[in-house]
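None of the figures in this text is laboratory data; all of them are computed from the coordinates on show. In this text the structure is predicted, and so the values were computed from the model without any measurement. Using ideal geometry, Cβ is built from the backbone for each residue, glycine included, and neighbour counts are taken over all protein chains shown.
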């Protein structure tokens, strides 16, 4: 028997995760979703923020743990940005649109991903929304990123456009050990007063969740929070 998590419990979980959008909405699982995954080169760097493991290693672990609990109840598609043959800012890889039982395909795609390139996250979210036919159908986009837009895109401008033209689109943003670069010339919406990724605008404008995660467990919880809603029992 399937039952759904009450919204009040989801709100409590959001607070526990450090989610800072009180108006965030959790969509029904009948709504198709697109997972937009950061495959840029920084996902494979070992830095002070990452510790002994790179981000991609732990992101693979989180995807592998979260997707089997999500895929039976929601159709999920996958967009990857970063690696590819088209130049650092032009690699948008739509692996597939929303499909049933996507745990295997999503997990396999992330397992075989070799991070490279920059971060055209604005273009990636826009294309994911187009894949969902956002002007005519309800949809959910979940963006996983380790930092900011680095290809000149304007996520806040896109968020306003989506908010005014979409039928019912919610964008959730999960920062995974996200690092803000205040001096990036190709991140035009960043300012000194904003200490989080500018991608947060996408969540704030569309009623989504903005979640900061540092560990595998936190990333698993954030994925379950934004993509999953039913429990079995």
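Some points to look at:
- Neighbour-count ranking [beta-carbon atoms within 10 angstrom, fewest first] of 172, 126: 126, 172
- Sites residue 65 and residue 133, calculated FRET efficiency, Cβ-Cβ separation with R0 30 Å, nearest 0.05: 0.50
- Residue order, fewest to most beta carbons within 10 Å, for 99, 80: 99, 80
- Cα gyration tensor, the range 35-232 - rounded (a/c under 1.5), prolate or oblate: rounded
- Taking 30, 42 and counting other C-beta atoms within 10 Å, the order from fewest to most: 30, 42
- Residue 165 versus residue 30: modelled label distance in nm, points set 7 Å from Cα along the beta carbon direction: 2.8 nm
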